[in-house]
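Some notes on the structure that comes next.
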Amino acid sequence: GAVVSQHPSRVICKSGTSVKIECRSLDFQATTMFWYRQFPKQSLMLMATSNEGSKATYEQGVEKDKFLINHASLTLSTLTVTSAHPEDSSFYICSARVGTVYTEAFFGQGTRLTVV
Amino acid sequence: KNQVEQSPQSLIILEGKNCTLQCNYTVSPFSNLRWYKQDTGRGPVSLTIMTFSENTKSNGRYTATLDADTKQSSLHITASQLSDSASYICVVSAVSGGSYIPTFGRGTSLIVHP
């Protein structure tokens, strides 16, 4: 299957700072990328959907000013957590899809964010 | 409201044994159902994908079934191995207005003991 790479895999940051997570599709051009958040022993929760060159669509309850998503190219999307708080500590996962809604989305390996 | 319910929540089996995980859903309009394996601290990896017309799909020791009438799916793991220890997630997708809408189950945590 196609490869989606996330970086970094783990990050620790101080409260009040911002942290950027990158999601890259390595061997295909992703027309759509998804960002998820997962708490321990919980399901993945969709945060936002981004299409290349356009603004991301955020799910209800997700603050767009706090979780900035940039999908500047067909192979790269970034999630920036601004003014991080300890409650933002979580596992963040991206997935990328090429083509129509019927094609499979491939997941990155995830990023463990810890805010201290 | 679209929902995906998985059972059991957790399962412990001995190496070499078989097991079956369940997924019930109320997702409409149905597009496809996927089973993923998620190792701890890793992203999900696809095991199988089934559309409305498919009722069985195999991938090695993993066999998924789908009953679109009763809106149930199962994932059967044969001759379990220690490396099968992971969370197994059922994801049911709907397509509405040209948008792709996946609904995730909470997953079944499987532990395989030697």
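The values are calculated or read from the model by the stated rules, or taken from the named source; none is laboratory data. All figures in this text were calculated on a predicted structure; none of them were measured in a lab. Cβ placement follows ideal geometry from the backbone for every residue including glycine, while neighbour counts extend to all protein chains displayed. Surface accessibility is based on the protein's heavy atoms, side chains included, excluding ligands, DNA and RNA. Shrake-Rupley method; radii C 1.70, N 1.55, O 1.52, S 1.80 Å.
From the gyration tensor of the Cα coordinates in chain B, what semi-axes in whole Å does the equivalent ellipsoid have, largest first, with each one equal to sqrt(5λ)? All intermediate terms of the calculation are to be shown ahead of the outcome.
On the way: eigenvalues 122, 39, 28 Å².
The answer is 25, 14, 12 Å, longest axis first.
Top mean-square fluctuation among B:89, B:12, B:77, Gaussian network model of chain B, C-alpha springs under 10 Å?
Checking each option, the largest mean-square fluctuation is seen for B:12.
What FRET efficiency would be calculated for the residue pair residue A:15, residue A:39, taking the C-beta separation as r and a Förster radius of 25 Å, to the nearest 0.05? Each step should come with its number before you reach the end.
Numbers: r = 19 Å, r/R0 = 0.74.
Calculated transfer efficiency: 0.85.
Given the options A:74, A:26, A:46, which has the most mean-square fluctuation in a GNM of chain A, springs set between C-alpha atoms less than 10 angstrom apart?
Evaluated over chain A, the most mobile residue of the options is A:26.
Restricting to chain B, what percent of DSSP beta bridges are antiparallel, rounded to 5? Could the numbers behind the result be given before it?
Values: 44 of 49 bridges.
Antiparallel: roughly 90 percent of the beta bridges in chain B.
Might you tell me the accessible area per residue for chain A, computed with a 1.4 Å probe and given in Å²? List each step's numbers first, then the result.
On the way: 5780 Å² over 116 residues.
On a per-residue basis, chain A sits at 50 Å².
Taking the Cβ-Cβ separation of residue B:53 and residue B:81 as r and a Förster radius of 35 Å, what is the calculated FRET efficiency to the nearest 0.05?
0.65
Using the Kirkwood radius built from alpha carbon pairs, what does the Stokes-Einstein equation give as D for the stretch B:1-56 at 37 °C and 0.692 mPa s, in µm² per second? Each step should come with its number before you reach the end.
On the way: Rh = 13.5 Å.
The estimated diffusion coefficient comes to 243 µm²/s.
Only residues of the stretch A:14-37 count here: report those whose backbone N is under 11 Å from the spot 7 Å along Cα→Cβ of residue A:80, or say none.
Taking a point 7 Å out along Cα→Cβ of residue A:80, the residues of the stretch A:14-37 whose backbone N falls under 11 Å are A:18-21.
Counting pairwise Cα distances across the protein assembly as shown, what percent come out greater than 31 angstrom?
Values: 5763 of 26335 pairs.
I get 22 percent for the Cα pairs in the protein assembly as shown exceeding 31 Å.
Over the stretch A:29-87, one equal point on each Cα, no solvent: what is log10 I(q)/I(0) by the Debye formula at q = 0.21, 0.24, 0.28, 0.30 Å⁻¹?
-0.83, -1.01, -1.20, -1.28
Go through the protein assembly as shown and flag any cysteine with no other cysteine's C-beta closer than 4.7 Å, please.
Flagged as lacking a Cys partner: A:13, B:19.
In whole percent, and with a 1.4 Å probe on the protein chains, what portion of the accessible area of the stretch A:1-79 is carbon and sulfur?
Values: 2270 of 4480 Å².
Looking at the stretch A:1-79 in its full context, I get 51 percent from C and S.
Rounded to two decimals, what is the ratio between the C-alpha radius of gyration of the stretch A:14-116 and 2.2 N^0.38 Å?
Details: Rg = 13.2 Å, N = 103, 2.2 N^0.38 = 12.8 Å.
Taking N as the residue count of the stretch A:14-116, the ratio is 1.03.
Which value, in Å², gives the accessible area per residue of the stretch B:1-61 when a 1.4 Å probe is used on the protein heavy atoms? Present the calculation step by step, with values, prior to reporting the outcome.
Numbers: 3460 Å² over 61 residues.
On a per-residue basis, 57 Å².
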